[in-house]
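S.K.: Dropping the structure in here first, questions after.
The values are calculated or read from the model by the stated rules, or taken from the named source; none is laboratory data. Here the structure is a predicted model, which is why all the values come from computation and not from measurement. Using ideal geometry, Cβ is built from the backbone for each residue, glycine included, and neighbour counts are taken over all protein chains shown. Only protein heavy atoms, including side chains, enter the accessible area calculation; ligands, DNA and RNA are left aside. Shrake-Rupley method; radii C 1.70, N 1.55, O 1.52, S 1.80 Å.
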Amino acid sequence: MGTNETMKLALCCVLMVAVVGPVVANELPRFADVSRAALVRRTAQSYAQAWTDVNGDGWPDLMVVNHGTEPPALFVNQHDGTFRDVIHTSGITLIDDHHGVTFGDYDRDGDLDLYFSIGAVHGRGEGDAGSVQGA
């Protein structure tokens with residue numbers, strides 16, 4: 001399996017997996033890839049994902065960051081088993097080569113902030129280490 005196929009598999013495993021059938025003692029559960037049905041279609045080399053409710057509707061939303069020049073994605077839960085990528089209207093700065101992502105109240109103002117770490121410019125150790133943005 002090549003690098004691209006491995007990354008697709010890893011993203012699907014982290015992202016959208018549903019248990020198929022009952023879980024039986026002493027048997028491994030069976031899983032089905034439901035990412036395509038959920039409209040979560042990304043083939044970039046993703047290094048990190050974070051789940052949180054970004055819009056306050058009580059449903060989990062998904063932030064995905066990618067290695068290289070592929071922009072991140074912010075998948076907002078549509079409450080029907082599907083997600084919509086709103087990264088281009090979210091106000092999140094699209095800096096390339098992300099290596100990590102998380103949400104937390106960084107500035108202690110009571111709302112979630114987005115933190116993502118940025119790669120070292122192809123291993124040369126140049127560039128910013130990370131960025132914090134209000135979510």
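S.K.: Does Phe103 qualify as being open to solvent by less than 70 Å² (accessible area, probe 1.4 Å) and either at pLDDT below 75 or under 19 Å from Gln45 (Cβ atoms) (or both)? I'd like the intermediate steps shown before the answer.
M.R.: On the way: open to solvent by less than 70 Å² (accessible area, probe 1.4 Å): yes; either at pLDDT below 75 or under 19 Å from Gln45 (Cβ atoms) (or both): no.
Answer is no for this residue.
S.K.: Another one. Residues of the range 16-43 being within 16 Å of the chain's Cα centre (by Cα), modelled with pLDDT under 75, closer than 20 Å to His79 by Cβ and open to solvent by less than 70 Å² (accessible area, probe 1.4 Å), which ones?
M.R.: If the condition is that a residue be within 16 Å of the chain's Cα centre (by Cα), modelled with pLDDT under 75, closer than 20 Å to His79 by Cβ and open to solvent by less than 70 Å² (accessible area, probe 1.4 Å), then Met16, Val17 are the ones that fit.
S.K.: Hey, among the residues in the range 62-79 that are within 9 Å of the chain's Cα centre (by Cα) and not hydrophobic (A, V, I, L, M, F, W, C), which one's farthest from Ile92 (Cα to Cα)? Show your work before the answer.
M.R.: As a first pass, look at the range 62-79 and keep what is within 9 Å of the chain's Cα centre (by Cα): 62-66, 72-75.
Remaining after also requiring not hydrophobic (A, V, I, L, M, F, W, C): 66, 72.
Details: Asn66: 14, Pro72: 9 Å.
Per the criteria, the residue is Asn66.
S.K.: Among all residue pairs at least 6 apart or on different chains, which show Cβ distances below 8 Å where the first residue, located in the range 59-87, is more than 12 Å from Gln45 (Cβ to Cβ) and the second is open to solvent by 20 Å² or more (accessible area, probe 1.4 Å) and of a type in the set (Gly, Ala, Ser)?
M.R.: Close Cβ pairs (under 8 Å, with a partner that is open to solvent by 20 Å² or more (accessible area, probe 1.4 Å) and of a type in the set (Gly, Ala, Ser)) amount to Leu74/Ser90; Gly81/Ala37; Thr82/Ala37.
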